[in-house]
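Comments concern the structure below.
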Amino acid sequence: MPNGPGVKLGGAAYQYFHKKDEQKGLVPKGPVDFDDSLSECCNRPGLAVKVFFCPCCVAAENSAETLRYDYNCELMKYCCCYPCIAPRRRAAYRRKFGLPGSKYDVQVHLFCSCCAICQERRHVLQNLIDRNPAQEDME
């Protein structure tokens, strides 16, 4: 989860381990996470509805546009073996956009799959739009 303005990750244990990680040089200095937080699903209501009714379609769109995979093949993969493939795709998006990895990617897709797909789609759209405005979706 992002640690931005207004977000307080608390507890003495968190502070202790965060300091230890800083001392070891494990805290990333570049981009921390996706552009939007996981809980901002409804910032784009059309996208949220689309993900709710057909998450495999949106996940396949992400893979097809970002990672240049075949849409139909990705759609079948997501529909058949979503729990196995989604965390790997999230890691691939992280590599593609230069985001540090997270040990919570599997849990995010298991417990908040629709929110995770929305977050990935918003990030993909935002970064593709910045590079090529002609690729903007009607979402």
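The values are calculated or read from the model by the stated rules, or taken from the named source; none is laboratory data. Given the structure is predicted, the values throughout are model-derived calculations rather than measurements. FYI the Cβ positions are ideal-geometry reconstructions off the backbone, even for glycines, and counts take in every protein chain you see. Surface accessibility is based on the protein's heavy atoms, side chains included, excluding ligands, DNA and RNA. Shrake-Rupley method; radii C 1.70, N 1.55, O 1.52, S 1.80 Å.
Pairing each residue of region 100-118 that is in contact (Cβ under 8 Å) with a residue 12 or more places away in the chain with any residue that is open to solvent by 20 Å² or more (accessible area, probe 1.4 Å) and not in a helix (DSSP H, G or I), provided the two are 6+ apart or on different chains, yields C-beta distances under 7 Å for Pro100/Pro28; Cys115/Ser39.
Residues of region 60-110 that are surrounded by fewer than 19 Cβ atoms within 10 Å (Cβ to Cβ), over 14 Å from Asp33 (Cβ atoms) and among the hydroxyl-bearing types (Ser, Thr, Tyr): Tyr69, Tyr71, Tyr82.
Among the residues making up region 23-47, a single one is modelled with pLDDT under 90, surrounded by 17 or more Cβ atoms within 10 Å (Cβ to Cβ) and part of a helix (DSSP H, G or I): Cys41. When residues in region 74-99 are screened for being touching a residue at least 24 places away in the same chain (Cβ under 8 Å) and either of a type in the set (D, E, K, R) or touching a Lys or Arg at 6+ places or on another chain (Cβ under 6 Å) (or both), 3 of them pass. Here region 92-131 is the region considered, the condition is being of a type in the set (Gly, Ala, Ser) and closer than 23 Å to Cys54 by Cβ, and the residue that is nearest to the chain's Cα centre (by Cα) is Ala116.
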